Structures are given as C-alpha cells and as structure tokens.
Amino acid sequence: MRPIIWSYLGRRGALARFTLDLARALAADKSAIFVVSEHNERAAELRSSGAEVHFAPGFATPIAGMNPHLILRSRRFFREVLGQVRPYAVVELMGHVWSPFVEDLIREVGAKRTAILHDFRGHPGDLSGLFTSWIGASAFRSDLLLTLSRAVAYDIVTARPKLRPEALFHPWFQAPLTPIPQHGPLRMLFVGRLLQYRGLDLFVEGAELARERGVDLRVGVFGAGNISQLRGRLEALGAEVVNRWLKDDELDAVLARYDLVLATHREASQSGVVALGAGAGRPAIVTPVGGLPEQISQGQTGLVARSLEGAAIADAIVQFSDRAFLARCHQEIQSRAAQWSMRAFAEAVSRAVRA
C-alpha cells in the first residue's frame, strides 16, 4: 500500500506530544510519513525520531495565521509533498484553521482524507472554541470522520444524523514510569489549562471534604489561568501551585511527584491529562461527563465519580487513600499499556481508513 501521511499543523500542547509519540511508535514503518508545522515546539525531537517528517510553512502567532501569503506558501508545500508521496490517505491528527485550504489538494491526488475531530463544540472560557465550527465544517467534508470518544461521535450524529463518525479512543502518552510510594500522604494532581469548564472548584471542594474525613493528602495545581477566586482555599489546603503554562518535560517531572491525577471537568470531550497520567502509571479520578468515563476502567485504572459534586469526588479520594487499592490500579495500568498505546491507536486508524 502507498504511505499514509499523518498531519498536524499546530504549534504546541498535547497534540505536539501526541504527534511526537506517534512518530516514534511508527518510526520503523515505511508507510508512515509525517507533515508538521515548522513552528512545532517538538520539532527537534521529531527530526531525531527516526520517522520521515516534512516541516510545513506555518505561523508563530494566531494573527499571522490569516496572512494570505503564508496560506499560499502552505498550499504550495502540500502540493509538492502530495505529489512526491502519492499517499493512500492523509490523516489530520487535529483540525487546523488552514485545513479547508488543502482539502482540494488531497482530492487531486486521489488520497482518502481522514479527519480526527476532537471537539464538536467549544468549551466555556476556551478561546480556541471560536474556531470549532470552522474546523468542524472542514472535518465533516472528509472521506472518513474519526473521534477519540463515543461521546463526541454521539454529539455529531445527534446534530447531523447523516454523518457516520467512527469512535476510536484516546491513546496514552509516553511518559517516564515511576513508582508510587507505599506509605505517606495521598498526593493529588490537577494539571492543565485552568479554565472554567475544567472544574478546579470541584477539585478543591473534593479535597477539602476528603481532608475533613481524615484523609492525609497533598495537593498540586499546575497550569495557566485565573485562580484568584480559589487562591485562598488552595493556600488553606497547603497546595503547591504553579500558575503558568508548563512544557512537556516539566509535566513529566511533576507527574513523578504525585500519585493520582484528577479531571473534575464540568463538561468534556476527552482528557489528555488522563492519557498523560496513565502513561506514567498514574490512576485518575474523573467526573461523569463527556468521554471521560470511556478513559477509565472503573475500580481498575481509576474511578468515575458518581456525580458532578464535591462530595462524590471526596468519596473517590477516600477510596484512593487505601494504599493497596492505589497500588492495584497502578499495576493494572501498566498491564494495559499495549492496548492503549500509540501503536495500537495507529493500527486502529489504519484499519478504519483501509476499510
């Protein structure tokens, strides 16, 4: 079969890591070629990944993304790469504001365009949601539409019954696997962009209630966002707070110092934080919204809180204060790593494309 091009034109964040992990997993596969932005924050590592990688013209600031000259440069680049590779398919790992400008080029070479749609609608407080409709409309015109959760696929079909997206799964990121101590306080981590819909307030309330019930815990909150309304409560918890954007190598170091990750979202598609924690062997507590429960095997790799309330989160925290339970989840995650790996994800995408 001709190669598959895996494309991601973003600059930073979880999908930059996603692309790097996938490139490393497929480095020996001669049918996998990657096209990424020249401004990708993991560009140096992608060059040394062993995979065939082409660096597309991109933009360093959002305003520059509307520059017609840059868009034309990107189209010329894609036309050249598509002409050289003659791919069987082009898989967009995540939609981009420039995706509509290369749709016709993919059709011209007879490749199957596959779009992975991460979100069907924007989330409160997330400015990237302004482009969700634009990116989604482009994805809906693809030959094959994939999602990383059944929840997002359901939202798509509910709004557009004629579409038939196929739901896959969010693979686990590669992260250093470090042991979890057998004794000591339960160390809980909340990490990521601290936006309204991510429910930091639920995390804080759950931690407060668990401590009132006698759980010895330590709390860490890492990420960029406005936490002014919760700062006093975090200080009362003795929380370690780093209120800024963290790079990937920093995230790995933080994960090594905590036992458990929490994704207490008020709404969600799926969570890269849960996938990152699992890659490091860390169980998760999640709220019962969106695709979060799909990322957890209840009582085995984590816990889904029974409701969207602080008391329900506290119940899950209390269960994890049992070190034997925490250790069992840690071991179970390691035993399931292969089925949630980037390699397994790539094989699932390839099967869907070739079907």
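Normalised radius of gyration for region 266-355, please: alpha carbon Rg relative to 2.2 N^0.38 Å, two decimal places.
Ratio of Cα Rg to 2.2 N^0.38 Å: 1.18.
Counting each DSSP H run of 4 or more residues in the chain as -39500 (n - 2.57), what helix-only mean residue ellipticity at 222 nm follows after dividing by all residues, to the nearest 500 deg cm²/dmol?
It comes out at -11000 deg cm²/dmol, rounded to the nearest 500.
How much length, in nm to one decimal, is gained on full extension between ARG266 and ALA337, taken as 0.36 nm per residue of separation minus their Cα-Cα distance?
Gain on extension, ARG266 to ALA337, equals 22.8 nm.
For the chain, what percent of Cα pairs sit more than 34 Å apart?
Taking all Cα-Cα pairs of the chain, the fraction more than 34 Å apart is 26 percent.
Going Cα to Cα from LYS162, which lysines come in below 26 Å? Please leave out same-chain ones fewer than 8 positions away.
Straight-distance partners of LYS162: LYS112.
Using 0.36 nm per residue of separation minus the Cα-Cα distance, give me the extension gain between GLU103 and ARG213 in nm, one decimal.
Between GLU103 and ARG213, full extension yields an extra 34.0 nm.
Between ALA43 and GLU235, how high is the FRET efficiency from 1/(1 + (r/R0)^6) when r is the Cβ-Cβ distance and R₀ = 41 Å? Nearest 0.05.
0.60
How about region 275-335: which GluC sites (Glu not before Pro) there lie in a loop by DSSP and see at most 11 other Cβ atoms within 10 Å?
none
When the label point is put 7 Å from the Cα of ARG141 along its Cα-to-beta-carbon vector, which residues of region 73-98 have a backbone N closer than 15 Å?
Inside the label zone: 75, 95-98.
How large is the accessible surface per residue of region 275-320, computed with a 1.4 Å probe and reported in Å² as a whole number?
For region 275-320, the solvent-accessible area averages 26 Å² per residue.
Name the residues whose placed amide hydrogens come within less than 5 Å of the amide hydrogen of LEU246, ignoring near sequence neighbours (fewer than 5 apart) on the same chain.
ALA224
Can you give the extra length, in nm with one decimal, that the chain gains between ARG306 and ARG121 once fully stretched, where that is 0.36 nm per residue apart less the Cα-Cα distance?
Gain on extension, ARG306 to ARG121, equals 64.1 nm.
Taking the Cα-to-Cβ direction at THR178 and at ASN226 and moving 7 Å from each Cα, how far apart do the two end points lie in nm?
For the pair THR178/ASN226, the computed spacing is 3.3 nm.
Taking the Cα atoms only, what angle lies between the long axis of helix 200-212 and the longest principal axis of the chain, rounded to 10 degrees?
Here the helix axis deviates by roughly 20 degrees.
The values are calculated or read from the model by the stated rules, or taken from the named source; none is laboratory data. Everything numeric in this text was worked out from a predicted model, so none of it was measured. Here the Cβ is made from the backbone with ideal geometry for all residues, glycine too, and neighbour counts use every protein chain on show. Only protein heavy atoms, including side chains, enter the accessible area calculation; ligands, DNA and RNA are left aside. Shrake-Rupley method; radii C 1.70, N 1.55, O 1.52, S 1.80 Å.
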